[in-house]
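Each reported figure results from applying straightforward, stated rules to the coordinates on display, with no laboratory input. Here the structure is a predicted model, which means the values were calculated and not measured. Every residue, glycine among them, receives a Cβ derived from its backbone with ideal geometry; neighbour counts consider all protein chains shown.
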Amino acid sequence: MTLSRPRVLLPGATLGVVGGGQLGRMFALAARVMGYRVVVLDPDPASPAGQVAEVHLRAPYDDAVALMRMGELCDAVTTEFENVPAASLAMLARRTHVAPAPQIVETAQDRLHEKRLAERYGCATAPYANVEDAGELVHAFSVVGAPALLKTRRLGYDGKGQARVEDLDGLVAAHAALGGVPCVLEGRLPIAREFSVLLARTASGEIAFYPVAENLHRAGILDLSIVPARIPEPAAQAARDMARRIAEGVDYQGVLAVEFFLLDDGRVVFNEMAPRPHNSGHYTLDACVTSQFEQQVRALCGLPLGDTRLLTPVVMVNLLGELWTPQPRWEALLGHAGVKLHLYGKTQARPGRKMGHYNCLAPTLEDALALAQTTRRALGVV
Ligand code: ADP
Ligand code: MG
């Protein structure tokens, strides 16, 4: 339950973010540019968001004292990752305004609940079946068949917590390998393109859509986002309509990202959603009038939403930890006109860890794609 809707929070107010990763960092930077004070809750002393906040509460996400303190300090609180304990958000919501609502954050933490929510609002999903425990594997396989993907219901990200399934024996082995935790079994779809819808909605019901982003993954991790997306406009419109129905249906307040598949036969399928800004929306930092993080501030504060207009074609390139040997050759990247670099202040580079990204801006999408390829080669990405 959230408190009644807040008055408009003007610059000078204090905004909290639960979670101190790169999304929290970019939220904090946007908020501070606009004259807000920022409080971050994250146990990691080196937290990317903690580095740029006025106050960094270094405590676990379920620390009652820290949550109480955050509730006292903040005029409103948002989150930057889905896996904040729902009870913590509920505790905060008794003391301050929390948006998005704890309930929707909780729903998005569980792939089964998320799919059911999407279906309730008329979204097509992949065929799926719940696997509460190993006893449900045979039934799930009889519903979904092969080829399939087994995904843990909770805590999966960047392709982690997933296994490809070709037959029943493989399913049994995959479930055991995932620790026997509750999962969903999903039919593996013939995907032509992946893309995401990014929107913001305020408590008063104003809604703003960003241009959809086309997403290319590598080893399960987002690699490139391409905008404008190379998908037919009716597919983009169908996806926007689905995302709007969800946002309006749950009376969403904040930035919402919804991932979709465009199938070979032209159908548009809901994949998953994130109740926050999204990696595939990082292009907005340099290519749109209003970034997704400024928009998150505006939505949280009840301000008018910013202009989402795309100013230039753009390709966003993720920078993962394997490039740190010990540092990428920044001079090889930054010599190119149209490149905008964003680093997250992480000191420990690990393979697959998101360390930063850069946006390639160019007068045509073709040029932006070429710039992304040239600069990647210069950085030594194979
Ligand atoms: P994550 O939380 O790791 O992003 P996703 O559910 O988005 O999990 O899956 C990661 C990637 O796996 C997707 O971007 C897509 O490339 C692929 N994928 C996921 N579900 C399916 C499916 N049902 N059929 C085919 N490919 C899929
Ligand atoms: Mg995904």
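A 25 angstrom limit on the alpha carbon distance is what I want to check against. Which of Lys160/Lys346; Lys151/Lys354; Lys115/Lys346; Lys151/Lys346 exceed it?
With Cα atoms farther than 25 Å apart: Lys115/Lys346; Lys151/Lys346.
Are there DSSP H segments in the chain that both extend 15 Å or more along their axis (alpha-carbon positions) and score a mean Kyte-Doolittle hydropathy of at least -1.0? List them, or say none. Working shown, then result.
Values: long enough: 22-33 (16 Å, 0.75); 233-249 (24 Å, -0.72); 365-379 (21 Å, 0.10).
Helices passing the filter in the chain: 22-33, 233-249, 365-379.
Quick one: net charge around Asn215, please, counting Lys, Arg +1 and Asp, Glu -1 for every other residue with C-beta under 9 Å from its C-beta.
The answer is -3.
Normalising by the residue count of segment 302-382, find the relative contact order in percent from Cα pairs under 8 Å and 6+ residues apart.
Once normalised by length, the contact order is 41 percent.
Using a Gaussian network model on the chain with a 10 Å cutoff between Cα atoms, which of Ala31, Ala49, Ala177 fluctuates the most?
Ala177
Can you give me the orientation-averaged projected area of the convex hull built on the Cα atoms of segment 145-238, in nm²?
Taking a quarter of the hull surface, the average projection is 8.1 nm².
How much net charge surrounds Arg350 when only other residues with a Cβ under 15 Å from its Cβ are counted (Lys, Arg +1; Asp, Glu -1)?
+1
Given the DSSP H assignment, sum -39500 (n - 2.57) over each helix run of at least 4 residues in the chain and divide by its residue total; what's the result at 222 nm in deg cm²/dmol, nearest 500?
Numbers: 12 runs with 116 residues, N = 382.
One gets -9000 deg cm²/dmol as the mean residue ellipticity at 222 nm.
By the scheme Lys and Arg +1, Asp and Glu -1, what is the net charge of all other residues having a beta-carbon under 13 Å from that of Ile191?
Summing Lys/Arg as +1 and Asp/Glu as -1 gives -3.
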